[in-house]
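Worksheet: one structure, shown below.
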Amino acid sequence: MNKAKYLKIFFVVLICTIGINAQTTKTGTTATQVLKFNVGPRAIGMGGAFTAVSDDITALYWNPGGTASINSNEAFFNHTALYADVSHDYAAFATKLSDVGTVGLFVSVLSMDEMQVRTIENPEGTGEYFDYNTLVMGVNFSRYLTENFAIGFNVKYISENLWHMSSSGIAVDIGTLYKIPVLNELRIASSISNFGTKMQLAGRDATVIFPSGAGDENNINSNIELDKFDLPLIFRFGISADVIKENESRLTAAVDAIHPNDHTEYLNAGLEYAWNEIFHIRTGYNSLFEKDSEKGLTLGFGLYYRVIDIVKVKLDYAYQDYGRLKDVHYFSVGINF
C-alpha cells in the first residue's frame, strides 16, 4: 500500500472521529478522577497526543502496549502541584524480560490538604477537618506478537478515601501499537483504559440517627446506601510519524482522538523535536473540540544525558494552560539502566 492510501485512511478516520462528537455530556457521573490525570511531562508537552508515540515508561498510562518498546530497565517519578491545593504523584518501573516481554509496576496517588468540616448548623466549621486521597496500584505486561505489532495489559487496584468513608475497585487497560514502514515509520495505536468495577463509598459518615420515640435510648442508627458510579472509561486512537528523521534531528508529529464515557469527544495534537536524542522541545494542543474545555496550549522540553554507558538520566518539564484555573507546571525524573 502506497503513502497516499495511508494518508487517505488517516483523514477518513479523523473526519469520522470528529463527526461523532455529538454525545450528551455526562460530566460528574464517574468516580476516581485521578484515572484521567495525564502522566509525564513528555506526553503532556505534546498536548497528550501520545497513544501512538508511547515508547517509554509513561506508556503505562497512555498505551500499555507501548511498553513493549522498552529494551532495558526504566524508572520514573512525577510530582505535580495542581490547582486548589491538589497534588498528584506517579512512580513506575519497567524491565525487559528477554523474549518473554516487558513487565512493569506503577503507583498513582492523588491527595489534597485538609479542609474544615462545615455543616448547615456550623457554617464556619465544626472544629473537625477532612481530607481526600486516591491510591492506584497496577502491574503491566506487554510484548511484540510480530515484528511490528505489540499488545499490552494493565491490571490495577483502586482505593478512594473521603474522610471516614472509602471505596475500592479493580480495572484493566488494554493497548495495541502497530508500526508501518512508511513515512519514517508510521505508527497506529489504540487503547482502552479503566474498564472495571463500579465504585461505591461506604463508612460511618453515611450513618444517620433516626429518633423512634422519647429519649435518646430509642434512637435508631441507620446506614445510607450511596449510589455506585462507573470508572472514567477512556478510548484512545492515535497516529504518529517521524516526519523528519536524520542523523542529528528528529521531528515527530502525533494526533489522538479521545472518546470518554463522561464527556464529549476531543482531539489532542502535538510535536516533538529532538537533537541527537539529548535535547527535546515539545508543543501541542490539548482537548481540541471538547465542550466547555479549560485546557489548551502545552509546551515542554527534555534533557536526556548519559551519565555512564549503561545509565541515562531523563529530565522533563511541561507547561499547560488551564484557562480560568492556574497554569500547571509538570516535572519528572527518569532513569534508564
Point-charge dipole on Cβ atoms (K/R +1, D/E -1) for the chain, about Cα centre, debye to 20 = 1480 debye
Ranked by Cβ crowding within 10 angstrom, fewest neighbours first, how are W275, W163 ordered?
-> W275, W163
Hits in the stretch 61-94: amide N under 13 Å from the 7 Å Cα→Cβ extension of Y132, namely 83-87
So S293 and V313, fully extended at 0.36 nm per residue minus their Cα-Cα distance, gain in nm 3.7 nm
Top of N221, N161, N286 by mean-square fluctuation, Gaussian network on the chain, Cα under 10 Å = N221
Listed residues P260, P41, P123; largest mean-square fluctuation, Gaussian network over the chain with Cα springs below 10 Å, found at P123
Could you calculate the contour length gain from V182 to I170, that is, 0.36 nm times the residue separation minus the distance between their Cα atoms, to one decimal place in nm?
-> 0.4 nm
Could you check which residue among V172, V311, V208 shows the biggest mean-square fluctuation in a GNM of the chain with a 10 Å Cα cutoff?
-> V208
Ranked by Cβ crowding within 10 angstrom, fewest neighbours first, how are T27, T298, T146 ordered?
-> T146, T27, T298
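What number comes out for the charge environment of F229, summing +1 per Lys or Arg and -1 per Asp or Glu over other residues with Cβ under 14 Å away?
-1
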Tell me which residues come under 5 Å, amide H to amide H, from V328 once H is placed; ignore anything under 5 positions away on its chain.
-> Q320, Y322
Taking square-rooted eigenvalues a ≥ b ≥ c of the alpha carbon gyration tensor, is the stretch 205-337 rounded, prolate or oblate, where a/c under 1.5 means rounded and, failing that, a/b exceeding b/c means prolate?
-> prolate
Quick one: which of K228/K295; K156/K228; K96/K179 span more than 27 angstrom between C-alpha atoms?
-> K228/K295
Would you mind ranking I244, I174 by Cβ crowding within 10 Å, fewest neighbours first?
-> I244, I174
Find the centroid of the Cα atoms in the stretch 111-131 and in the stretch 40-76, then give the distance between the two in whole Å.
-> 39 Å
In degrees from 0 to 90, rounded to the nearest 10, what is the angle of the helix 3-19 Cα long axis to the longest principal axis of the chain?
-> 20 degrees
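Coordinate-derived values only; no laboratory data. Here the structure is a predicted model, which is why all the values come from computation and not from measurement. Counting neighbours? That spans all protein chains shown, and the Cβs are built from the backbone with ideal geometry, glycine included.
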